[in-house]
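S.K.: Sharing a structure, written as structure tokens. Questions coming.
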Amino acid sequence: AVFVVLTAVALWAALRRGEPEAPLRQAPAESSAGEPRILVVANETVGGRELLAEISSRSVGRKAVVLVVCPALNSPLRHWVSDEDEARAAAHARLDQSLASMRAAGLAATGEIGDGDPIQAIEDALRTFRPDELIVSTHPVGRSHWLERGVVERARERFALPVTHVVVDLDA
């Protein structure tokens, strides 16, 4: 009986992934003149030079307000047993390091730990931050799980914001 129930749940979850998500159309909040609001979603690449350069280039001559969201990525098994402590601690350490480098570069940045699903993390942040644009940072093709899962394309389809994809090669 347990096998049948778990198989049915797994099949339902697999079939549900194929359903298109309804677009979330939400107009950005009114920004102060010259003060763009940028939502950055990144995990391991959150401290990369390419990402910092992209954010800095968007802030030249004006003060940008930046919210960095690091999804607390976890293994499926740990997610099922609600063991998120290690994933959240690792995401928090990366976030703190990234915020320190952004603040050192003169950016007004804050951050938070997001849901393990990057699309859900973006949606959660949109409800409270209301950005003008979204930057998604990933590893290069071949090393990025987010690119394999189509996170950037799904974000472009789902959210009514300009989406910029930044590739950060930490090995280079």
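Nothing in this text is a laboratory measurement; each read-out follows from the coordinates by a stated rule. On a predicted model such as this, the values are computed, not experimentally measured, just so you know. Quick reminder, even Gly has a Cβ in these numbers, built from the backbone with ideal geometry, and neighbours come from all protein chains shown.
S.K.: Rounded if a/c is under 1.5, else prolate if a/b beats b/c, else oblate: with a ≥ b ≥ c from the C-alpha gyration tensor eigenvalues square-rooted, which is region 82-122? Show your work: numbers first, answer last.
M.R.: Details: a/c = 4.11, a/b = 1.79, b/c = 2.30.
It comes out oblate by the Cα gyration axes.
S.K.: So, by mean Cβ neighbours within 10 angstrom, what's the order for 154-166, 110-122 with the highest one leading?
M.R.: 110-122, 154-166
S.K.: Along Cα→Cβ, 7 Å out, is where each label goes; now give me the distance between the ones at VAL141 and ARG62 in nm to one decimal.
M.R.: Reported label-point gap for VAL141 and ARG62 is 3.2 nm.
S.K.: Next up: If packing is taken as the average number of other Cβ atoms within 10 Å across a peptide's residues, how do 127-138, 88-99, 36-47 rank, most packed first?
M.R.: The packing order, highest mean first, is 36-47, 127-138, 88-99.
S.K.: Would you please give the residues with an amide H less than 5 Å from that of ALA108, counting only those at least 5 places away or on a separate chain, with H modeled from the backbone geometry?
M.R.: ALA64, VAL66
S.K.: At what distance in nm do the modelled label points of GLU35 and ARG103 sit from each other, each positioned 7 Å from its Cα along Cα→Cβ?
M.R.: If labels sit at GLU35 and ARG103, their model points lie 1.9 nm apart.
S.K.: Then there's this: Would region 103-168 count as rounded, prolate or oblate if I go by the C-alpha gyration tensor, calling it rounded below 1.5 in a/c and otherwise prolate when a/b exceeds b/c, oblate otherwise?
M.R.: In terms of gyration-tensor shape, oblate.
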